[in-house]
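Reading through the structure tokens given below for one structure.
Each reported figure results from applying straightforward, stated rules to the coordinates on display, with no laboratory input. These numbers were taken from a predicted model, which means no experiment stands behind them. Methodologically, a virtual Cβ is constructed for each residue, glycine included, from the backbone with ideal geometry; neighbour enumeration extends over all protein chains shown.
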Amino acid sequence: MYLLILTLPLLGSLLCGFLGRKLGNFGGPLLTIIFMGITLFLVAFGYYEVVLLKSPVYLGGIVNGLGSWSLSQAFGLGYTSAGVPNGQFMSIGWINLDMGFIFDELTLSMMIPICFISFLVHIYSMGYMSDDPHLQRFFSYLSLFTFFMLIMVSSDNWLLLFLGWEGVGLVSYLLIGFWFTRIKANQSALKAFLMNRVGDTGLFLAMAMAVWFTGDLEFTTLFAVLPYLNNDVVAILGFLIIAAVIAKSGQFGLHAWLPDAMEGPTPVSALIHAATMVTAGIFLLLRFSPLFGSSLFLVWLGGITALFGAVYGYVQTDMKRTIAYSTTSQLGYMVLACGIGQYGLALAHLMNHAFFKALLFLSAGVVIHAVHDEQDVRRMGGLIKLMPITYITTLVGSLSLAALPFLTGFYSKDYILQMAFGTVGYGMGLAAAYFTTFYSLKLLHRVFFVPPQSKIVLDAHEPTTWLLFPTITLTIASIFWGYLTQYHFLSSLSGYPTNALIASHLPWWIDFAPLAAFLIAPFMIKTNYSLPTLKFNLYPSLQLANITSRYFDNGFLAWFGPHGAVYFLNSIAARLDLLSSRFIPHLLLFPLLIFILLIP
């Protein structure tokens with residue numbers, strides 16, 4: 001059953017990709033939807049077995065006779081001629097790598113939003129992309145995206161993790177640039193791919209360090225020897241993993257690719273921002289939580305990212321980019337939760353965020369589809385009467401994002417703020433919560449309540465069932481999921497199981513501080529959307545800096561530094577070049593003479 005969870009999305013991707021012409025525009029996508037539906041059912045059963053019944057499953061090669069189940073036994077392949085189990089992926093020197101998968105509480109908790117949202121996005125795409133001539137290729141990419149994400153979250157060793165990590169980055173490049181005839185789509189895809197190279201480099205170096213100091217690629221080996229490693233080695237390893245997280249999860253500094261990813265189709269935006277790609281970095285923090293514990297650096301990183309994303313979301317006028325910056329902000333909350341040691345809260349917010357963020361993106365896609373692909377909210381308005389169902393879905397998603405009590409977002413975001421009280425992250429997180437409320441209500445106001453701002457909205461109407469079914473389903477999840485799962489995630493997975501006891505000793509006004517944003521929001525909605533710009537004459541005060549820069553930095557220091565060095569080396573190189581006759585035996589003579597002189 002567990003191997004089917006991994007193989008069905010890959011099978012659907014290959015069949016739709018290679019047999020798409022024979023299956024047709026309806027048959028190929030429908031096949032991937034059926035496979036994703038079966039995968040979701042198996043994941044739900046696995047969640048019941050692993051998480052609720054506390055029965056984790058490990059699939060891998062035979063390890064030291066401990067009775068671990070062999071992958072070769074799973075397929076009934078027996079042994080190779082050399083007597084090595086077929087579950088063994090490779091053997092290099094002292095490193096033996098088994099193709100192993102672990103299905104524990106973290107893995108299945110990640111698989112629920114991945115498969116659930118991927119299944120709904122597949123259904124949604126049947127209506128949204130129905131007129132696209134490359135429909136089979138699109139669905140093949142979607143299923144392949146899901147496959148690599150499932151591989152990553154279920155891996156039990158560095159190599160499989162890196163395979164899934166790289167696969168997710170590759171398919172995101174293909175999906176963001178799906179409309180490859182558009183220059184901006186190609187530029188955005190390339191930007192996302194190159195910026196994620198930074199994170200890929202960090203993860204690769206972390207893997208190399210782990211192999212060098214532990215002699216094994218298994219996570220369990222690293223965790224077992226972690227107390228005996230040098231503190232500097234652990235610090236460098238943690239820094240490299242954080243570099244990977246910053247790039248993949250769009251944290252402050254490497255966040256620019258995330259809003260630019262909006263150039264891809266809206267279903268792609270929903271899948272990337274809600275369940276795959278950006279959550280990969282948070283998963284990395286959760287999987288390697290023993291490396292970090294409580295980290296002040298993560299508190300600062302998460303707080304700054306949350307506030308930065310919320311402020312930028314407030315000043316945006318593009319509907320999809322506003323929601324994209326909200327993703328950056330919410331990912332900052334998850335990193336903040338990891339920084340204070342509340343990894344269960346981070347996982348809870350990751351799951352809750354997946355539902356209401358997918359709802360927001362899919363609802364935005366419905367609106368954009370109805371107004372002839374217009375994304376500027378300043379040209380919308382008056383849609384509440386023309387699209388009442390979409391208004392309700394967008395309202396629930398926005399209020400859940402703003403953490404209105406008794407909606408899904410409240411049950412994790414509010415707890416993160418409470419647990420961060422007393423740290424620098426609380427102030428930044430609270431300010432981010434205020435701006436989140438401001439841009440969420442501003443979006444609703446500009447799209448649905450103000451009078452129509454252009455003629456494009458006059459013929460808007462509700463979409464087909466292909467688009468309404470996913471949004472209505474996610475609306476229900478955005479209302480009830482957080483309430484139904486709050487006690488499980490806030491206790492069993494948290495670094496501090498006594499969260500309720502800690503929260504009871506906080507000041508009384510802590511619970512009401514984020515809600516004050518709803519009282520201020522009406523004044524922020526009607527004001528100018530641009531942040532105020534400071535205008536005053538700086539020229540007189542910059543005269544000294546101008547003189548210093550001209551005569552000292554670019555004069556004295558430059559000629560005794562880089563400019564002088566370049567001039568000196570160029571002059572020496574020009575003189576040495578006069579000794580060359582351009583005759584190949586003569587050119588080979590100089591290295592030979594140097595080699596002879598260096599021999600003792």
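Counting alpha carbon pairs within less than 8 Å and at least 6 residues apart, what relative contact order, in whole percent, applies to the stretch 343-527? Here the relative contact order equals 38 percent. Value of Rg to Rh for the stretch 243-349, rounded to two decimals, is 0.97; Kirkwood radius and Rg both from alpha-carbon coordinates. Counting only aspartates and glutamates at least 8 places from K191 when in the same chain, those with an alpha carbon closer than 15 Å to its own are D200, D260, E263. Dividing the convex hull volume of the alpha carbon atoms of the stretch 343-527 by its residue count gives 114 Å³ per residue. Between T220 and A44, the distance separating the two model label sites (each 7 Å from Cα on the Cα→Cβ line) works out to 3.2 nm. Note on the stretch 440-486 and the stretch 2-21: Cα centroid distance 32 Å, given to the nearest whole angstrom.
Mind checking which lysines have their C-alpha under 19 Å from K184, skipping anything on the same chain fewer than 8 residues away? List returned: K320.
Ranked by the mean number of other Cβ atoms within 10 Å per residue, highest first, peptides 222-229, 3-10 order as 3-10, 222-229.
The listed peptides 437-450, 319-332, 368-381, ordered by packing as a protection proxy, come out as 319-332, 437-450, 368-381 (highest mean of other Cβ atoms within 10 Å first).
Annotation: peptides 287-293, 164-170, ranked by per-residue average of other Cβ atoms within 10 Å with the highest first, follow the order 164-170, 287-293. Each pair of Cα atoms in the stretch 130-236 enters the Kirkwood radius, and Stokes-Einstein at 10 °C and 1.306 mPa s then converts it into a translational diffusion coefficient of 100 µm²/s. The mean sequence separation of alpha-carbon pairs under 8 Å and at least six residues apart, normalised by the residue count of the stretch 191-343, gives a relative contact order of 24 percent. The amide H of F101, built 1.01 Å from its N in the peptide plane, has L59, G60 as neighbours under 5 Å, considering only residues 5 or more places off or on other chains.
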